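The values are calculated or read from the model by the stated rules, or taken from the named source; none is laboratory data. These numbers come from a predicted model, not from an experiment. Glycine also receives a Cβ, built like all others from the backbone with ideal geometry; neighbour counts cover every protein chain displayed. Only protein heavy atoms, including side chains, enter the accessible area calculation; ligands, DNA and RNA are left aside. Shrake-Rupley method; radii C 1.70, N 1.55, O 1.52, S 1.80 Å.
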Amino acid sequence: LIDRYPYGGRRDILRAMTIGDRDGVPAETLTRFATTGIAHVLAVSGLHVGSLCLALWILLAPFPVSRNRKYALILVCLVLYAGICGFRPPVTRSVIMAALAFGTILSERVKNIENSLFIALLIILAFDPQSLFGPSLELSFAAVWTLGMFYPPAAGALKERINLRGVSGYGIRALIISALATAGTAPVLAARFGSLPLYGIFANIPAVLLASIIVPLGMTSIFLTAAGNSIAPLAAVSAFLTGVLLRMLDGITVLVPNLPHASVTTGSISLLTGLGCAGWLYLLSRSHGRSGFKKGLVYIPLVLALVWTWNPIAGAGGSAEKSGTVVFFDVGQGDAALVGYGGKRFFLVDTGPRYGNSGPAETLILPSLKNLGITRLDGIFISHLHDDHTGGLTAILRDMKVDRIFCRASIRDSLALLYGDRVFGLSAGDSIAFHEGGMLVLSPGTNPRLFMNGGTSGENDRSLLLRCDIAETRVLFSGDIEEEVQKVMTAWGPSLSADILKVPHHGAAGLGGGFIHAVGPGLSVISCGANNRYGHPSPQTIQTLAGRNSRIWRTDRDGTMEIHLPGMATGNDESKYFKKIR
């Protein structure tokens, strides 16, 4: 039904907002929503359940049905709706809390949001204990608990001093809600993703307003579409209006991430720190009537939090990580990675694909670099000349200062015609060394029999095979080299070994067991698009990696990955320094 209308080219967002299906939402769109701090509008939760309850109550109003039966019918519809949405934690929590609210009304008891929330949590964990370890449940419950505990006293205190009615009052209340939800979810965001969106408090005000209109209007459009051709004009008008609002919502996610320091990298926090934040919020919620105790709980941690949060901005571009960082960007069916040495030198290895007039370079890579305070790149390595590796090069060169472009020697002159003297050609055995580490080129060599086969496979096999050394850690970028060249590369022996491997050719079939044995990676990263038409990664490749006890991360499932490399990484214990972020 949704696919019958274009919805302003944003039907994938509408599908996520109405039935919780985010599988069709491009990775770069999800990243934009997360960086903006409004990713929650893509999750079916209390807003949707409340809208559905109101609509059903209005529909049942003309019928001579008792109140108890109306509540029963509404509850049945809510359970069916939660089933359509896959019983994900946010919508399940909302339905359970709605059922408990109906029960308190019928029994004429005082509603207790906190009790309802934790009853919902226990029911969800009884059926799905593993959901406790997922960010969806953690974020949902943290936000709702914080709002339930702190919004009534905060709004009550402000109501005594200022007028909360009218448009200005709505804006103030929305700001309070956004600030409280941000505070409640901040420890989870820091622990899970290692970053915090700075403008989320303000972006949420228009985003939530738009979402509160999009959800009921979009559902109405779906129902009108289902009604058939007799009211097709109404369905078309509703779909058009929904599309306009969806484009406005998406526009917020395009604008905000391009602002300076749209998010700050906090680094992962320990379990003890997370529990400490949760304990502080709990004590604060119990401090009513104890003004001195309350002020201490508020002001002391607030000062510490501000110092901790804003410090990364003051030191942007001078990361505290003394060894380095590797970021594998989720660019869909393509490759792009950032290599940072000691917060001083930054290189891109490939630039991702391009889709029409735009691509991940504009929507993901450049905003991410700006958020990190990176205004200049020491260089860009082009593994080979396929669009899924070079599509974003022009956009990055246009918007970012880049000192050098590295490519294989055979295409140096051609690229120099476009990009000038900053293009450098590399061949096997060349190296780039500096104090923080270095890079060694392992392929291609100059053997025409191996590297001049022509055609697609020939271009793949002429990819740069690049080993990045950062302190005690090695990262191997293998481009799209295929099985025959992989066999040849094993002649490098110990020089081929690496702690982290960017798996060749997006995980395509033909990954050589001998090649993986020689590399011996503790972590293998596969950069591929969700539901791509090539079927990447191949089950054979997954089996080969698993057989060598290499941990597998995939951008189509795990999103963008940030990997911190401390100076003394030991062995293959990746838990000490590997981290996934969205």
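The residues in region 12-56 that are under 19 Å from Ala82 (Cβ atoms), polar (S, T, N, Q) and open to solvent by 10 Å² or more (accessible area, probe 1.4 Å) can be counted, and the count is 2.
Say whether the condition of being in a strand (DSSP E or B), among the aromatic types (Phe, Trp, Tyr) and under 18 Å from Ile526 (Cβ atoms) is met by at least one residue in region 341-361. Within region 341-361, not a single residue is in a strand (DSSP E or B), among the aromatic types (Phe, Trp, Tyr) and under 18 Å from Ile526 (Cβ atoms). In this entry, Leu175 passes the filter for residues that are open to solvent by 40 Å² or more (accessible area, probe 1.4 Å), part of a helix (DSSP H, G or I) and either modelled with pLDDT of 75 or more or not aliphatic (A, V, I, L, M) (or both). Pairs linking a residue in region 496-521 that is of a type in the set (Lys, Arg) to a residue that is at pLDDT 95 or above and not in a loop (DSSP other than H, G, I, E, B), with Cβ atoms under 6 Å and 6 or more positions apart or on different chains, are Lys502/Phe477; Lys502/Val525. Gly547 - would you say it is touching a residue at least 60 places away in the same chain (Cβ under 8 Å), more than 26 Å from Gly445 (Cβ to Cβ) and of a type outside the set (Lys, Arg)? Against the criterion (touching a residue at least 60 places away in the same chain (Cβ under 8 Å), more than 26 Å from Gly445 (Cβ to Cβ) and of a type outside the set (Lys, Arg)), Gly547 does not qualify. Among the residues of region 318-362, those that are open to solvent by 30 Å² or more (accessible area, probe 1.4 Å) and at pLDDT below 80 comprise Gly318, Ser319, Ala320, Glu321, Lys322, Gly356, Asn357, Ser358. The set of residues in region 508-556 being open to solvent by less than 20 Å² (accessible area, probe 1.4 Å) and either in contact with a Leu (Cβ under 6 Å, 6 or more places away or on another chain) or over 16 Å from Gln486 (Cβ atoms) (or both) consists of Val519, Pro521, Gly522, Leu523, Ser524, Val525, Ser527, Cys528, Gly529, Thr541, Trp553, Thr555.
Checked against (1) out of contact with any helix residue (DSSP H, G or I) (no Cβ under 8 Å at 6 or more places or on another chain); (2) charged (D, E, K, R); (3) surrounded by 21 or more Cβ atoms within 10 Å (Cβ to Cβ), Arg69 meets all criteria but (3).
Please indicate, with yes or no, whether at least one residue in region 98-109 is within 22 Å of Leu132 (Cα to Cα) and surrounded by 20 or more Cβ atoms within 10 Å (Cβ to Cβ). Yes, region 98-109 contains at least one residue that is within 22 Å of Leu132 (Cα to Cα) and surrounded by 20 or more Cβ atoms within 10 Å (Cβ to Cβ). Please determine whether any residue of region 149-167 is modelled with pLDDT of 75 or more, open to solvent by less than 30 Å² (accessible area, probe 1.4 Å), assigned to a helix (DSSP H, G or I) and within 30 Å of Gly83 (Cα to Cα). Within region 149-167, none of the residues are modelled with pLDDT of 75 or more, open to solvent by less than 30 Å² (accessible area, probe 1.4 Å), assigned to a helix (DSSP H, G or I) and within 30 Å of Gly83 (Cα to Cα).
Annotation: of all residues in region 1-11 being open to solvent by less than 50 Å² (accessible area, probe 1.4 Å) and under 14 Å from Leu245 (Cα atoms), the one that is modelled with the lowest pLDDT is Gly8.
Note on region 110-125: residues that are surrounded by fewer than 15 Cβ atoms within 10 Å (Cβ to Cβ) and at pLDDT below 80 amount to 7.
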